[in-house]
Amino acid sequence: MAVCARLCGVGQSRRCRRRQRQNQQGQGSDSDMDEEEEGERIVGQPRGHVSGDVSAAGPSDAAVHHRGGSSATGPPHPQSLSDLPPELLVEIFSLLPGPSLPNVGLVCKAFRQILNMETIWRRRCTEEFDLKGDLRKVEVGGVSSRELYVKLLYPYRNILGIWQPDIGPYGGLLNVVVDGLFIIGWMYLPPHDPRVEDPMRRRPLFRVHMLESNKATVECMYGHKGPHKGDIQTGKKDEFSTKCNQTDHHRMPGGRQEEFRTWLEEEWGRTLEEIFHEHMQELILMKFIYTSQYDNCLTYRRIYLPPRMPSDLLQPGLFKGTYGSHGLEIVMLSFHGTSARATKLTGDPNVPAGQLTLDVDLRRPVVLPDLENQRRIEELSQLVLGVHAEVQRETEQRAKVVSPTVSGAAAEEACGGASVAEGLEVAHGACSDSCPPGPSSSTSPLETQPFVLPLGVMARNEVYPRTCRQCFYGTGLIAGHGFTSPERTPGLFVLFDEDRFGFIWLELKSFSLYSRLKDQLAHAHAPDMERFDAMLHSMQSWTS
């Protein structure tokens, strides 16, 4: 308490100093000497060590100057924080993190009054929650920046960022952002198939605001009848749930048929009659039945964007990709030493969200033949399958070196502890310590070469780049309906430029084109690579 009182300039210690100064005004050199001795002890001289000139004389000019007397050339130094001008205190308090400010207000009444200044809370809202607009407009609407911070932004800070909804195999991408008086949860939808270059579409699922009262209100935005009552529950770390309290707002007068037609136009941009492929019709109807049963009562798990490393082949991030009859899906491209991985954020009944769809070995580049020979599927198959056979031989040799009697689990541990959930990673370079080093990737500009798809390879989007930078051997995950009999099949990873890449699935004779999602996603970057790797492992376990 004594320290707090001294900092604030209030309390008994300051009154004692005032009385001491008053008593010393009528005393002689003895009191002045005591003050001089005290000053000397402060700067480190031993007690009793006093200059002869000072001890023999009374209060000298130097002593008067030292005590801030009439000979002083400037104002006295502040003895505490409370001696500072209010505008300087506002600037100091504005630099403190918002959660610490209530403790500052407990020090004294003056500090508590200064904390009512909107300047302090405007700065906290801007720096901690990336609010870009002019908060004075918000304050004109009747909500102060302090109320905005204390009652909306801070209580709901843990739901900001990107999330994956638990919708079985379909997954998804939710981005929760601050927009003025609102916190809005936007569901990101891929463009209509097969326009992979188009921007993402957004649909609001919920919002939290302070429009109607002095406390935060949660509303469900699902359906076509406008906002209605909802709820948000935050329990476990990196997880929250939404609940709609008025699901009748989701229903349409025409019943399920009208709901399906509306959903189909939003999801696919066409009617069911325009989709001639019977298998695709079945997949679309299955997705509608499965996803509509949730009525926006969902659980979301936090996901992170991958960190950027200097050796990465290109900027990691989110990409939209073509997946045949399943339409466009969202994948996350990340780099892990000598491998590049694409993990599904949205999925389908064959390969669900959370699974490792592509695993690329960056130590095994593939040199394409001339443009004429690229058109022959046999030529490309011979190149890729030759690398695939080499990988299998190296895997078998490493297994023999470890021990012919070692179990599969022990062999995995000996090769760096690769998990089954990560696919056949041991065969694709997981044992980076024991495998011979290959050519390292580089972010420097590379010379482009002509590229064309082989005849017989199906592409949903035939408007693909006709030049590429590099190609690498990789594997893609395929499975039967219900994620049955999953296996990794060899293919070719094609890097076109910083924002596009492709993958040729040799066994399926199909081509997937991926285009970068360029939306700015705040509060989404992983703190470190360890946290990101743990998140990837958890994603695979959600849908395995």
Q: With just the Cα atoms of region 178-275, tell me how far they stretch along each of the three principal axes, in Å, largest first.
A: 49, 35, 27
Q: Measure of size requested: the Rg and Dmax of region 162-208, with Cα atoms as the atom set and Å as the unit; please supply both.
A: 12.1, 37
Q: Enter the accessible area of residue 109 (Å², nearest 10), with the probe set to 1.4 Å and all protein chains included.
A: 130 Å²
(Q) For a protection proxy built on the mean count of beta-carbon atoms within 10 angstrom, sort 250-260, 319-329 highest first, please. (A) 319-329, 250-260
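Give the ranking of 376, 516, 393 by solvent-accessible surface, highest area first, calculated with a 1.4 Å probe.
Working: 376 105, 516 30, 393 130 Å².
So, going from the largest accessible area down, we get 393, 376, 516.
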**Q.** Accessible area of region 114-226 belonging to carbon and sulfur atoms, whole % at 1.4 Å probe
**A.** 51 percent
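At 1.4 Å probe size, with the rest of the protein present, what percent of the exposed accessible area of region 307-381 is carbon and sulfur atoms? Don't jump to the answer; show the numbers that get you there.
Values: 1120 of 2110 Å².
Its accessible area is 53 percent carbon and sulfur atoms.
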Q) How long, wide and thick is region 331-373, going by the Cα atoms along their three principal axes, in whole angstroms, largest first? A) 38, 28, 12
Q) What distance in nm separates the simple spin-label points at residue 238 and residue 530, each placed 7 Å from Cα in the Cβ direction? A) 1.3 nm
Q: For region 459-544, with all protein chains present and a 1.4 Å probe, just round the carbon and sulfur fraction of the accessible area to a whole percent.
A: 48 percent
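Based on Cβ point charges of +1 for Lys and Arg and -1 for Asp and Glu, what charge dipole magnitude is obtained for region 248-321 about its Cα centre, in debye rounded to the nearest 20?
In total the dipole reaches around 500 debye.
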Q: At 1.4 Å probe size, with every protein chain present, just tell me what the per residue accessible area of region 308-357 comes to in Å².
A: 19 Å²
Q: Find which of 272, 262, 350 sits farthest along the positive direction of the dipole of region 251-353, computed with +1 on the beta-carbon of Lys and Arg, -1 on that of Asp and Glu, about the Cα centre.
A: 350
Q. In what sequence, largest accessible area first, do 485, 339 appear using a 1.4 Å probe?
A. 485, 339
Q. To the nearest 10 square angstrom, how much accessible area does residue 400 have with a 1.4 angstrom probe?
A. 150 Å²
Q: Note down the accessible area of residue 462, probe 1.4 Å, to the nearest 10 Å².
A: 130 Å²
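If you count only protein heavy atoms with a 1.4 Å probe, what accessible area per residue comes out for region 481-544, rounded to a whole Å²? Don't skip to the answer; put the middle values down first.
Numbers: 2880 Å² over 64 residues.
Value returned for region 481-544: 45 Å² of accessible area per residue.
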Q.
Report the Cα centroid-to-centroid distance between region 97-123 and region 446-499 in angstrom, as an integer.
A. 57 Å
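The values are calculated or read from the model by the stated rules, or taken from the named source; none is laboratory data. Everything numeric in this text was worked out from a predicted model, so none of it was measured. Glycine gets a Cβ as well: all are built from the backbone with ideal geometry, and neighbour counts include every protein chain shown. Heads up: the accessible areas ignore ligands, DNA and RNA and are worked out on the full protein's heavy atoms, side chains in. Shrake-Rupley method; radii C 1.70, N 1.55, O 1.52, S 1.80 Å.
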